[in-house]
């Protein structure tokens, strides 16, 4: 019996040309379908930015020790001023064993608080600008400088005008007329009329006559400008100041020319020399007056300009560099305050755990160093002693909480408290390590001395922090960025794979605290933003949050490049 496969082979053998044409047509159709088929949406692993508690910790490993006794040592040197325990006394965790002299620590703490308050106030002043009171003071400063400028201008005019009438006009015939004439003369004491002192340079005489006429015009115009000035307008006052300085400068040239003319005259006889000397004294005094007026005007003008510049600087928005500097002052003050608080805390020596005072080695009034053993605390409780590197141990403080796990007891997790930190490290192969002792909050009979223990010491906790997975953050130069996926319509939080035809956008962010898995975002993101943690290969994905079970069940296939099928 001929099957369908046999029939096809027979047809192809008998219709070779037609069969070839059909194969070509089918190939072209398949190619066209592939070229025009819409590209599959990209699939991303995403996580929503959420608010919560971010715990930062340092980790180390070590062994369980049987704590028979513990030497209580101070963290700093000082004089013992209080010793409220006795040998043999039972004490509880946190109970004070000794207090060192706190005067210096309290003073440093008060100074650090004051410095922080000052830095914070300065920051607010930089950000907010002038207070209404400061603004009023700055405005009054400008107004005062304006009034001083006007006073200097009025005084300058009056001095120049008076000098012109009392000192200069004695050298002129009809000084305020249309044609004033310069003339040096005096009455002859012998009754021979007046005696004139001729000027050798006739051109100089004509110039002095013209300059006196010009001086009259200058004084008239100057007086008019003073009467017309708007005393409340700094621009108007400064314009008057500039023209006044120019007027004084021209008058000074005029007085200098008169002095040159008088100095060129010689007395015809000794009896007139005293008169000529008096003329020289008069013009010298007039020139001195002009120079003093010029100096006063320039000084007042500079004061007004300085007051205006200061006012403009004070009312201008703060520069970013000023804000950064003010913030740096706050950061430095906070660090100093933390250091002062630690120094104060170190003056109070407390029992790190409950026990019995075995020995007391000092009494009130003794001075102790950080290497001295003040007391011995006896207990049969166990503790963990772990090793930390020099970077991590700098973040650890007495009293910090820790989470403990044990290799031999994988189902057991315990809490503990840091009770002792080595002040001297151990160097091995160029690496410095420090031993840290962690007291168990609760004793457990399953834990044996010598067991391996891992500790995670909580150093910082940020409440209500905006958190994203650390893997979502990438670095572009010195800038942290994340990719944000928009347009995913869902009413539930998404943590998992999503598909989107729209590529994610790149957003610059500022980061804060971080631990092994998560990072705090201080700016750049909003709660609920979806950040891409990984681009997933595959052709389909769900766009709503899977259940925990389905995510665990199906996630492996997706991460391996398979197809993710949601419920």
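Just so it is clear, none of the values below were taken in a lab; they were calculated from the coordinates. It should be emphasised that the depicted structure is a prediction, and the values quoted were computed from it without experimental measurement. Positions of Cβ are generated from backbone atoms using ideal geometry, with glycine treated the same way; all protein chains shown enter the neighbour counts.
Model label points for residue 328 and residue 231, set 7 angstrom from Cα along the Cα-to-Cβ axis, are 4.7 nm apart. The fraction of Cα-Cα pairs per 5 angstrom bin, counted from 0 for region 367-441, comes to 3, 13, 20, 21, 19, 15, 6, 2, 1, 0 percent, rounded to whole percents. As a proxy for reagent exposure, ranking 271, 73 by other Cβ atoms within 10 Å from fewest up yields 271, 73.
Among 44, 366, which comes first, second and so on when ranked by fewest other beta-carbon atoms within 10 Å? Before the final figure, lay out each step's value.
Working: 44 23, 366 14.
Ascending Cβ contact count within 10 Å gives the list 366, 44.
Each part reduced to its alpha carbon centroid, region 44-96 and region 344-377 end up 15 Å apart.
Between residue 239 and residue 87, what length in nm is gained on full extension when 0.36 nm per residue of separation is reduced by their alpha carbon distance?
Values: separation 152, 0.36 × 152 = 54.72 nm, distance 8.81 nm.
Going from the current span to full extension adds 45.9 nm.
Run through every distinct alpha carbon pair of region 141-315 and return the Kirkwood hydrodynamic radius in angstroms, one decimal place. Provide the component values of the computation, followed by the final result.
On the way: mean 1/r = 0.0560 Å⁻¹.
After inverting the mean inverse Cα-Cα distance, the result is 17.9 Å.
Residue ranges 445-451, 175-181 sort as 175-181, 445-451 when ordered by packing (mean number of other C-beta atoms within 10 Å per residue, highest first).
Compute the length gained on full extension between residue 285 and residue 79: take 0.36 nm times their separation in residues and subtract their Cα-Cα distance, giving the result in nm to one decimal.
On the way: separation 206, 0.36 × 206 = 74.16 nm, distance 7.69 nm.
Gain on stretching residue 285 to residue 79: 66.5 nm.
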